[in-house]
1. Under the 0.36 nm per residue contour assumption, what length would be gained going from the current alpha-carbon distance of residue 2 and residue 99 to full extension?
2. Test of understanding: what is the full-extension gain from residue 71 to residue 118, defined as 0.36 nm times their sequence separation minus their Cα-Cα distance?
3. Ranked highest first by average number of other Cβ atoms within 10 Å, how do 67-74, 104-111 line up?
4. Determine, at each q value in 0.15, 0.26 (inverse angstroms), the log₁₀ of I(q)/I(0) that the Debye formula gives when each Cα of region 69-124 is one equal point scatterer.
5. Considering the zone a paramagnetic label at residue 9 would reach in this model (a point 7 Å from Cα along the Cα-to-Cβ line), which residues of region 30-58 have amide N under 18 Å from it?
6. Can you give the relative contact order of region 3-113 as a percent, counting alpha carbon pairs under 8 Å and 6+ residues apart?
7. Looking at the calculated P(r) for the chain, what percent of the C-alpha pair distances fall above 26 Å?
């Protein structure tokens, strides 16, 4: 099934998590942001950070979100990295947009990965 990246899907998994229809292990939450552990972690630390607004990817988030939403989101990412204590040994922030990047959920999100050597940026 192809993912629609042009119209927000109210039934995507993150929308369901935000509505409380699906469980999550919350790491952080405020008025604009929810962060939780990934259910299929790709590293020992794998946290997803999502805005609570209806944004498909980083382009519409940065274009359409209020300044308060954008600031809250990126401050939350920094705070979560600090609270997870991943700054010292290193961590990776990943944002995928669209099918070619393998964005699997059509709701803007950042992956925080850490806890192991993450290797090169892209494998050949």
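1. Contour length minus Cα-Cα distance gives 34.1 nm.
2. Additional length available on full extension: 14.2 nm.
3. 104-111, 67-74
4. -0.53, -1.12
5. Inside the label zone: 39-40, 50-51, 53-58.
6. Relative contact order for region 3-113 comes out at 34 percent.
7. Within the chain, distances greater than 26 Å cover 18 percent of Cα pairs.
Rule-based calculations on the coordinates, nothing more; no lab input. Note that this is a predicted model, so its numbers are computed, not measured. For neighbour counting, all protein chains shown are included, and Cβ atoms are generated from backbone atoms with ideal geometry for every residue, glycine included.
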